[in-house]
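Throughout, read-outs are computed from the coordinates displayed, never taken from laboratory work. This is a predicted model, so every value here is computed, not measured. Cβ coordinates were reconstructed from backbone atoms using ideal geometry, including for glycine residues, and neighbour counts include every protein chain displayed.
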Amino acid sequence: MSGAANRRFGIAYTAGVVVLASLAAAAAGALVLLAIGASPWATYVTILTGPLQDGFGVSEILLRTVPLTLVALGIAVSFRSGILNIGAEGQIQIGILGFTAVALFLPHLPRELLLPLALVAGALGGAVWAGIAGVLRSKMGVNEILSTVMLNYIAAQIYTFLLRGPLIDPDEMISGSGTPQSMRLTKSVWLDRLFTGNRLHTGLVLALVLAFLTWLVLWRTTFGYRLRAAGAEAKAARYAGIHVERSLVAAMVIAGGFAGLAGAVEVAGVHHRAIEAISGGYGFAGIVVALFGGLHPAGIVPAAVFFGLLLVGADMTQRSAGVPANMVLVLQGVIILAIVSARMVIANPYAKQRALDAARRWGFFRDEKATEGGT
Amino acid sequence: MRTPGPIEELRLEGITKRFPGVLACDGVSLTVRRGEALALVGENGAGKSTLMNILAGLYQPDQGRILVNGEAVHFRTPADAFERGIGMVHQNFMLVPSMTVAENVALGMRHLHRKVSLDLDEARRRVVEISKHHELPVNPDAFIWQLSVGEQQRVELVKTLCLGAKLLILDEPTSALTPQETDDLLDRLQRMTAELSIIFISHKLAEVKSLSKKVTILRQGRSVFSGSTADHTTAQLAALMTGHEVSIPKNSGGGTPGAPALVVKALKVRGDRGHWALDGLSLEIRAGEIVGLAGVSGNGQRELAAALAGLRPVVSGEMTLEGRSLVGASPRQIIDRGMGYVPEDRHHEGIVPPFTVKENLVLKDVATRRFSRLGVLRLGAIDAHAATLKDRFDIRCASTAAAAGGLSGGNIQKVILAREIDRAPKVLIAVYPTRGVDMGATEFIHKQLLALRETGAGILLVSEELEEIMNLADRIAVIFKGKILATVPAAGATREALGLLMAGVTA
Amino acid sequence: MSGVQFLHDVLVLGVPFSVALLLAALGENFNQRAGVFNLGCEGIMSMGAFLAFLPPWLARSGGHSTFATLAGLALALGIGALLGLLFGLVTVTFKAPQGIAGIGLQMLGWGVAGTIARHYVGGVTGVEGIPNWNVPFLSDIPFIGTVLFRHSPLVYLAFALVPASWWLLFRTPWGLRVRAAGTQPRAADSMGVNVQRTRYQALALGGAMAGLGGAYLSLCQAKMFADDLVAGRGFIAVALVYFGRWSPFGIMGGALLFSLAQALQLAIQVAGIKFPYELAVMLPYVMVIVVLSLAGKSRMLGPTALGKPFDREMRV
């Protein structure tokens, strides 16, 4: 087949698979919506357009883009290095603990010192937590999906324990309501608002800068080269002298650092104190954002915006139409299944060949003669 | 069990098969009659295995048909082929290692699968019956992982016969055997033709001539010759296989070898199963010489190469490269000290398939000042380097920005060789470098190895092909059960003598 | 409290605690033996738990109904098999990576169960569930009687499934095919075994058993449904299969080990020994990590083709 026709078919095939996968995901979500008596069409419209109706809605989308981007960047680094980080939820929480601890115990430091220190503490917390899973995998061959998932549950318990205990807001203890949350943190660790009238903060700039830096490191440095090689073909990387075990740990530590930072930024920019349910599912949503963005910073940022839209939209449907917020989980699940399936089908040369044969039978691409050469 | 009837005549007509981007078979026809042994010959990549896989029901032909006793048949699965009496012994054995021989046979006995409970006794009986009848001793209760390569091949034969094969297809059955075992097998197959028909795939013309009178030669998916072996010399058949005069690069033997570059003494290394893969192995490679390592695969070659590359721990013994010990050194350190390595599995050990050709060409040197500055990649230098190597080593690819995994086997091997040779190694270890590679690329690789020898590097050539070793090596070391049994000069070595050594027979 | 009494209490609690894990892990064992690891087990258990809970909850006004309970169990089995087949579509037919696909399935199951439950059921309400059935005569034996023979029928079923699973894997043609598909699919394929179909079958069976495990949680153990009912047991079940070396009896040992640890934690709290609540809850998860670390990398006994998709046309 001529090169041009080959390319045309390739584009048509890829587009076709993507469209089919998207429709399948939307249909699956629609089934669930029908099961709870909601109108799929109305719900989807609300989710996709509701938040865009005013400036505040848009700012809320961008607000959520920040933690989503950070978590997804870290996950992309880890996935590309050959280790699957499912533990972002727990890493976020440990990151929050790190940030909060520094803010609570050193409140009198000047802002220029305190804020960066606290953010770094947050990143370190997440990094160490992820590092545990990284070391377990590289030294003892423990499946990192299982270990990071277990660490999520463990982190949740540690988080609650500390918030009910040592880190609890003294006011809560006095009033006796016992809400597990820390004291309001000193203003010097708050991230500045970008505009008046909404909650958007400078964390957005930080996220975008880190996205650029991630691209730079992965594709323009020897360190990134080695990470990608170890992730793409560990055996060959080993034969080439690359320390694959060290790569795996490094990748997990980086991924955990990003997640921890995401947690710290959420506290610094939005909540200004450590509260329950703060990770808000960003740890899992970040995985979907990373996959959706093709594990590349250039794709992750728009994907994070899209998922920010989904999250805000889902909140709106809960308030207006009574569709429970868990619906977002359903959508994330079907999107993951759709993406991983679609990627494999697109990359499968045999499926592509069968599609080409079918297309020929239906009368397309007929005029091109098959003239593949020999081996 | 419904035993299939005898196959009087099997005919393949106009078989065509395409894989994405490759035309594997192009209108091939052949005929086998009862009691005949047909040799299917061609160089690597000519389409022989594909054709037979179609006959065995593993692939579907795009065009053409198969006729058994004049009746057109359509094999959608291997089970269909078995029902018709066609059985195949593959090059990579189709056996489940964690199961016994009887269980493996039971897997294919369809009628056993109709009952709820598994009747292993019947499978066992059948194995014993066939084993006795064809004089192929096999223990039905042995686990496959316990058996040697030769024993496993016997099990494959017995299994195929148990499932009622009347036409036996053998895919490169002698690649893992010593010359004596090869003769033994060919002899046995000759006797089997009294009851069965045989199609025998090989690229070793000498064996072909001894077993069969009929031969079909494939080249690039097409049948270029079909007739009697008696009328042609081996050289003529080889020319038909490759389509041109075959000039095999030969080591002319010039130059005196220098100081020992790689010295191995009493090396002991454990294998994956906990046994001694290397049991006190001693070997020496001098600068400017090629040492060929001959031996049946499974005697420690893989573990030796891995230990030399720093990928397998050494329990005791010495390895030194130009006087510096390699024991305990990391792969990075060994690479930096001048060891080159062309690994056995090019797809998973030699290249990173999703990386581009130019990225693969700097895989070992990316952190050097040549290709990076302060940790940042120097893309221009990497591009230029790739362009130079592409020309010098005749790497056929659309561009150096193409994914390396998409290249043909021979070209991938050229990428690996280019990278290794360009680093000017002091010692190069090449493990089965021409396995599965077509003759053109093989010729090129042999020339490169000889050229490297001229520059004063020492080369360890691990190969299954005695001919390749005898052509290229200065000295030949025979490995058997983890030790070097003997090292002989290549000049006077004969196939028979080497064969005896490979089987562990010391004079 | 005497030591014997304490031990007795721990065992009485521990045995039924193991059932959900045991059922899910036995099911996952079939998946893994066939070459597929299904991390969506957690999501399947959530769906099974919810659907088993639904009919008895809908029929609650009419008092206890055996029919409703049976309907619930049937639904749990059915949705489990269905989700297993869906996983097969994604990993066996589309050949997507099993790890991530499993996480996707888990989110899906968890999300659907939570969404529908929150919408219809609202808060946390209980059901009567399945009552215990004392084995006549045997349940009167002192000590052992209460520990082993005074449980809900599902408990007896779960433990009976252990030798049944072993027999299915090692004494039937189907089990032979499953093991071959998970260890050397190319060999199985060359002898006429339909590897894809065998994997789908294993996934359906594994999913059904996971669904049943979830049903046990909502109908017998907790006798209610909540979002976080499964609490990671599906993942622990997957880990148990490695730990038990893909043998039903090893898996049973692992499940009992875990549940006894959990029972120990509860018994300690009941006995009044001071121990921080959250740290106690953490214990099973920490145990999983410890156990996985000790289990090592050896896979010689297990399915060596685990995690790799199979395509006959793929050129070697």
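The slack in the chain from B:Glu8 to B:Arg222, taken as 0.36 nm per residue of separation less the alpha-carbon distance, amounts to 74.5 nm.
Taking the Cα centre of the protein assembly as shown as origin, sum charge times position over the Cβ atoms of Lys and Arg (+1) and Asp and Glu (-1), and report the length of that vector in debye to the nearest 20. The partial results should precede the final answer.
On the way: 107 positive and 85 negative charges, 161 e Å.
Roughly 780 debye for the protein assembly as shown.
Return the FRET efficiency for the residue pair A:Leu31, B:Ala424: r is the Cβ-Cβ distance, R0 is 60 Å, and the value is rounded to the nearest 0.05.
Details: r = 64 Å, r/R0 = 1.07.
Efficiency for this residue pair is about 0.40.
Between the C-alpha center of the range C:74-95 and that of the range B:248-277 there is a gap of 53 Å. Under a no-solvent Debye model with one identical scatterer per Cα of chain C, what's log10 I(q)/I(0) at q = 0.07, 0.14 Å⁻¹? Rounded to two decimals, the profile gives -0.28, -1.07.
Remark: spin-label model distance A:Leu52-B:Ser29 equals 6.4 nm, labels positioned 7 Å along the Cα→Cβ axis. Potential lengthening of the chain between B:Thr16 and B:Arg324 amounts to 105.3 nm, from the contour at 0.36 nm per residue minus the alpha-carbon distance. Restriction of the GluC sites (Glu not before Pro) in the range B:201-293 to DSSP coil positions whose beta-carbon has at most 14 other beta-carbons within 10 angstrom yields B:Glu245.
With one equal scatterer per alpha carbon and no solvent term, the Debye-computed log10 I(q)/I(0) for the range C:32-123 at 0.11, 0.24 1/Å reads -0.36, -1.12.
Taking every pair of alpha-carbon atoms in the range B:260-502, give the share separated by more than 26 Å as a whole percent. In whole percent, the long-distance tail amounts to 38. Dipole of the protein assembly as shown (Lys/Arg Cβ +1, Asp/Glu Cβ -1, origin at the Cα centre): which of A:Val142, B:Gly274, B:Ile217 lies farthest to the positive side? Checking the options against the dipole of the protein assembly as shown, the answer is B:Ile217. Residue farthest toward the positive end of the dipole of the protein assembly as shown, with Cβ of Lys/Arg at +1 and Asp/Glu at -1: which of A:Thr69, A:Phe212, B:Val263? Projecting each Cα onto the dipole axis, the largest value belongs to A:Phe212. Taken along the Cα-to-beta-carbon direction at a fixed 7 Å, the label points for B:Ala266 and B:His133 span 5.5 nm.
For peptide A:31-44, the mean count of partner chain Cβ atoms within 10 Å of a residue's Cβ comes to 2. Simple spin-label estimate for A:Ala42 and A:Lys139 gives 5.7 nm between the two label positions (7 Å along the Cα-to-Cβ direction from each Cα). Return the whole-Å distance between the Cα centroid of the range A:1-66 and the Cα centroid of the range C:41-57. After rounding, the separation between the Cα centres reads 29 Å.
Average 1/r across all pairs of distinct alpha carbons in the protein assembly as shown, invert it, and you get the Kirkwood radius: 33.2 Å.
Mean per-residue shielding of peptide B:77-84 is 3, counting Cβ atoms of other chains within 10 Å of each Cβ.
Of B:Gly409, B:Gly375, B:Ala294, which is farthest towards the positive pole of the range B:260-502's charge dipole, taken about the Cα centre with +1 and -1 on the beta-carbons of Lys, Arg and Asp, Glu respectively? Most positive-ward Cα: B:Gly375.
Phi-derived couplings, Karplus 6.51 cos²θ - 1.76 cosθ + 1.60 at θ = phi - 60°, listed residue by residue for the range B:297-314: 4, x, 9, x, 4, 4, 5, 4, 4, 5, 5, 5, 8, x, 9, 9, x, 9 Hz, with x used for Gly and Pro. Averaging the Cα positions of each part gives two centres, and for the range B:291-319 and the range A:232-276 these lie 37 Å apart.
Can you give the percent of C-alpha pairs in the range A:1-63 whose distance is more than 19 Å? Walk me through the numbers on the way to the answer.
Working: 1132 of 1953 pairs.
The proportion of pairs with Cα distances above 19 Å equals 58 percent.
Taking 13 Å as the cut-off, the amide N atoms of the range B:50-82 that come nearer than this to a point 7 Å along the Cα-to-beta-carbon line of A:Asp357 belong to B:59-64, B:76.
Taking A:Ala26, A:Ala342, A:Ala236 in turn, the Gaussian network model of chain A (Cα-Cα springs below 10 Å) assigns the largest fluctuation to A:Ala236.
Taking trypsin sites (Lys or Arg not before Pro) as exposed when DSSP calls them loop and at most 12 other C-beta atoms lie within 10 angstrom, chain B has its longest site-free stretch at B:116-249.
Ignoring aspartates and glutamates fewer than eight residues from B:Lys214 along the same chain, the ones with Cα atoms less than 15 angstrom from its Cα are B:Glu9, B:Glu36, B:Asp231.
Computed about the Cα centre, the dipole magnitude for the range B:9-242 is approximately 560 debye when only Lys and Arg (+1) and Asp and Glu (-1) carry charge, each at its Cβ. Note on chain B: Cα convex hull, mean projected area over all directions, 25.4 nm².
With an a/c value of 1.5 or above and a/b not larger than b/c for the gyration tensor axes a ≥ b ≥ c computed over the alpha-carbon atoms, the range A:176-238 is described as oblate. In degrees from 0 to 90, rounded to the nearest 10, what is the angle of the helix A:349-361 Cα long axis to the longest principal axis of chain A? Tilt of helix A:349-361: around 50 degrees. Cα-based radius of gyration for the range A:55-323, normalised by 2.2 N^0.38 Å, reads 1.00. About its Cα centre, the dipole of the range B:208-355 is roughly 340 debye, where the only charges are +1 on Lys and Arg Cβ and -1 on Asp and Glu Cβ. When the square roots of the Cα gyration tensor eigenvalues are ordered a ≥ b ≥ c, the ratio a/c for the range C:82-173 is 1.5 or more and a/b does not exceed b/c, which makes its shape oblate.
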